[in-house]
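S.K.: Please find one structure pasted underneath; my questions will follow.
The values are calculated or read from the model by the stated rules, or taken from the named source; none is laboratory data. Computed from a prediction, not measured in an experiment: that's the story for all the values here. Neighbour counts run over all protein chains shown; Cβ positions are idealised from the backbone, glycine included.
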Amino acid sequence: MKTKTIYFIAGSQDLYGEEVLKQVAINSQEMANFLDERVPGASISWKCVVRSSEEAEDILVQASADKACIGVIVWMHTFSPAKMWIKGLQRLTKPLLHLHTQHNKALPYDLIDMDFMNLNQSAHGDREFGFICTRLGLNREVVAGYYKNEAVIKRIQRFADVARAMDYSHNLRVAMFGSNMRDVSVTDGDRVESEIRYGWNVNYYGVGDIVTLVNQITEGEVENKMAEYAEKYKMHTADIEAVKEQAKYELAFEKFFKKERVGAFTDTFQDLHGLKQLPGLAVQNVMAKGVGFGPEGDYKTSALMAVLCQMAKGRTGATAFLEDYTYDLTEGEEIELASHMLEVSPVFAADQPRVEVHPLGIGGKEPPARLVFDGIEGKGIAVSMVDMGTHFRLICADIQLVKAPKEMPKLPVAKVMWKILPDFASGAERWIYAGGAHHAVVSTALTKEDIALFAKLTNTELVVIS
Ligand code: MN
């Protein structure tokens, strides 16, 4: 994560003389170095003290052009007349964090004089800078507080995570094997707008492109993949040939992703020509590596999953696609079973997943190998993205993942259960009013504050249900 950089820029002007500007540089470097040590999500790199319109434009153009730069932190050590920031900010394309802080923590009451006040006037300068950002209509993050406060560091870390996810999003390529499932509405969307707003380059490929690769997989490659499965999972089937079939699918996906630089994909069981099984185990194992996935041609959920996995990098917790399926509606104890036919990521497994082979019940294909397990418990969020026609909307709901109250011996899929918050009726009704999908990215690593920051910085409408 440290290969990505956030520029740290201090604002000032020429009015104060060389001595003061030297001190501004020393102090701001010290602060940038401190934050760099405390924030694992990106390198925080001190760049310069901006004194003029030309310098502001130069450094913000440089930040915008630098592919390693994922964001910019700006702080006014002294007063910095903000007209000098206009042209630079107009050309800034990276996420902006305005840090409202000071080099000194407490006031040196006994010693404070005019020189000290001249040097340390962010209360003055940051308001001037804030005005021009607001006047320009910039979606930025403002963080106020002493820069060594844990709460401030935490918010800068969040900014680093979200900025890194946005950078990843900007470069994300999504492969759709087959198209959107016939007649399904919520999974569909405007792929041009997705690329304009989030950078997602979403392209259709014939499933035959995967079949060709599947048919070229060697026995040796399959053995290696089977060894990977055996190391991670319990083999709980006599039908090893069915498992090998999934191993071939995964190997074919991996080759395709590498060649086409793909970070997220979709499939649809309506278009499996040339594949004997619906990809199950193959998709599950790939998802656990942070590759985005959406079933039924759901490219939005797939891309969102890849982006949120990047955001969650370095944190503890699970992040992946999940699908709403069926309920226990016992009054006051309502629980949802979120369990797709097959494609549940093993990141949600409470114990070691078992590889099993069973008929699917729909689709008319051979019984697919899949991972079977019970889900983890804990606090989480469910995030859904829908296309409203005029704009995209994110819906983010707090959920509580819970243990299944009873065994389900006749349901051979992965089973993740959660309680909708604050209570079933309020949570589910709001989700439905908001147009939330039956597909979501669920995370126990991210919070609604992370999603809110992502929504703000990408200028996306957000509905929070908490
Ligand atoms: Mn669905």
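S.K.: Among the residues of segment 435-460, how many are assigned to a strand (DSSP E or B), under 20 Å from S194 (Cβ atoms) and more than 16 Å from the ligand (Cβ to nearest atom)?
M.R.: Going residue by residue through segment 435-460, those that are assigned to a strand (DSSP E or B) are 439-443.
Narrowing the set further to residues that are under 20 Å from S194 (Cβ atoms) leaves 439-441.
Cutting the leftovers down to more than 16 Å from the ligand (Cβ to nearest atom) gives us none.
So the answer is 0.
S.K.: Quick test for you: out of A25, A32, pick the one residue that is under 28 Å from the mean Cα position of the chain (by Cα), part of a helix (DSSP H, G or I) and closer than 15 Å to Q102 by Cα.
M.R.: Details: A25 fails: under 28 Å from the mean Cα position of the chain (by Cα).
Every option except A32 fails the conditions.
Condition check ((1) within 16 Å of the ligand (Cβ to nearest atom); (2) in a loop (DSSP other than H, G, I, E, B); (3) of a type in the set (S, T, Y)) across all residues:
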site	(1), (2), (3)
L322	yes, no, no
Y327	yes, no, yes
E333	no, yes, no
H340	yes, yes, no
Q352	no, yes, no
E356	no, no, no
P359	no, yes, no
G363	yes, yes, no
E366	no, yes, no
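S.K.: A further question follows. Residues of segment 272-294 being within 14 Å of the ligand (Cβ to nearest atom) and either out of contact with any Phe, Trp or Tyr (no Cβ under 8 Å at 6 or more places or on another chain) or part of a strand (DSSP E or B) (or both), which ones?
M.R.: F293, G294
S.K.: Another question, if that's okay. Can you tell me how many residues in segment 194-209 are out of contact with any helix residue (DSSP H, G or I) (no Cβ under 9 Å at 6 or more places or on another chain), more than 17 Å from G294 (Cβ to Cβ) and assigned to a helix (DSSP H, G or I)?
M.R.: 3
S.K.: Okay, next question. Looking at this structure, is H77 modelled with pLDDT of 95 or more and over 15 Å from L138 (Cα atoms)?
M.R.: On the way: modelled with pLDDT of 95 or more: yes; over 15 Å from L138 (Cα atoms): yes.
Against the criterion (modelled with pLDDT of 95 or more and over 15 Å from L138 (Cα atoms)), H77 qualifies.
To keep it simple, each residue is scored yes or no on (1) out of contact with any Lys or Arg (no Cβ under 6 Å at 6 or more places or on another chain); (2) among the hydroxyl-bearing types (S, T, Y); (3) in a strand (DSSP E or B); (4) loosely packed, with under 14 Cβ neighbours inside 10 Å.
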position: D167; (1), (2), (3), (4): yes, no, no, no
position: A175; (1), (2), (3), (4): yes, no, yes, no
position: D183; (1), (2), (3), (4): yes, no, no, yes
position: T187; (1), (2), (3), (4): yes, yes, no, no
position: V192; (1), (2), (3), (4): yes, no, no, yes
position: V243; (1), (2), (3), (4): yes, no, no, no
position: A247; (1), (2), (3), (4): no, no, no, no
position: E254; (1), (2), (3), (4): yes, no, no, no
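S.K.: Additional query: Does segment 400-421 contain at least one residue that is farther than 19 Å from L337 by Cβ, of a type in the set (V, I, T), more than 16 Å from the ligand (Cβ to nearest atom) and surrounded by 21 or more Cβ atoms within 10 Å (Cβ to Cβ)?
M.R.: No - not one qualifying residue is present in segment 400-421.
S.K.: Would you mind telling me which numbered condition in (1) away from the ligand (no atom under 16 Å from the Cβ); (2) on the phi > 0 side of the Ramachandran plot G178 fails?
M.R.: (1)
S.K.: More than 20 Å from E250 (Cα to Cα), under 17 Å from the mean Cα position of the chain (by Cα) and among the aliphatic types (A, V, I, L, M): is that true of V307 in this structure?
M.R.: The answer is yes for V307.
S.K.: Here is a follow-up. Could you tell me how many of the residues in segment 101-144 are not in a helix (DSSP H, G or I) and not acidic (D, E)?
M.R.: Total satisfying the criteria: 21.
S.K.: Right, next: Which condition number in (1) away from the ligand (no atom under 16 Å from the Cβ); (2) exposed (fewer than 15 other Cβ atoms within 10 Å of the Cβ); (3) in the same structural domain as V262 (by TED's automatic domain parsing); (4) not in a helix (DSSP H, G or I) is the one that T212 fails?
M.R.: Evaluating T212 over (1) away from the ligand (no atom under 16 Å from the Cβ); (2) exposed (fewer than 15 other Cβ atoms within 10 Å of the Cβ); (3) in the same structural domain as V262 (by TED's automatic domain parsing); (4) not in a helix (DSSP H, G or I) leaves (4) as the failure.
S.K.: On the phi > 0 side of the Ramachandran plot and either crowded, with 22+ Cβ neighbours inside 10 Å or touching a residue at least 40 places away in the same chain (Cβ under 8 Å) (or both): does that describe G199?
M.R.: Here the answer is no, as G199 does not meet what is asked.
S.K.: In addition: Just to be sure I understand the filter: pairs with C-beta atoms under 6 Å, separated by 6 or more residues or on different chains, first member in segment 435-450 and free of Cβ contacts under 8 Å to residues at least 12 places away in the same chain and more than 14 Å from I399 (Cα to Cα), second member within 13 Å of the ligand (Cβ to nearest atom) and assigned to a loop (DSSP other than H, G, I, E, B). Which pairs pass?
M.R.: none
S.K.: Do we find that D183 is in the same structural domain as H439 (by TED's automatic domain parsing), on the phi > 0 side of the Ramachandran plot and within 16 Å of the ligand (Cβ to nearest atom) in this structure?
M.R.: The answer is yes for D183.
S.K.: Out of the residues in segment 304-320 that are crowded, with 24+ Cβ neighbours inside 10 Å and away from the ligand (no atom under 16 Å from the Cβ), state the one that is farthest from E245 (Cα to Cα).
M.R.: M311
S.K.: Among the residues of segment 95-109, is there at least one that is farther than 20 Å from Y146 by Cβ and in contact with a helix residue (DSSP H, G or I) (Cβ under 6 Å, 6 or more places away or on another chain)? Can you show your working first?
M.R.: Our first condition is that a residue be farther than 20 Å from Y146 by Cβ; within segment 95-109, this holds for 95-96.
Filter once more, keeping what is in contact with a helix residue (DSSP H, G or I) (Cβ under 6 Å, 6 or more places away or on another chain): 95.
Within segment 95-109, one or more residues are farther than 20 Å from Y146 by Cβ and in contact with a helix residue (DSSP H, G or I) (Cβ under 6 Å, 6 or more places away or on another chain).
S.K.: With more than 27 Å from P412 (Cα to Cα) and either in contact with a Cys (Cβ under 6 Å, 6 or more places away or on another chain) or charged (D, E, K, R) (or both) as the only criterion, which of E221, E241 stands out? Let's see the steps before the verdict.
M.R.: On the way: E241 fails: more than 27 Å from P412 (Cα to Cα).
Answer to the selection: E221.
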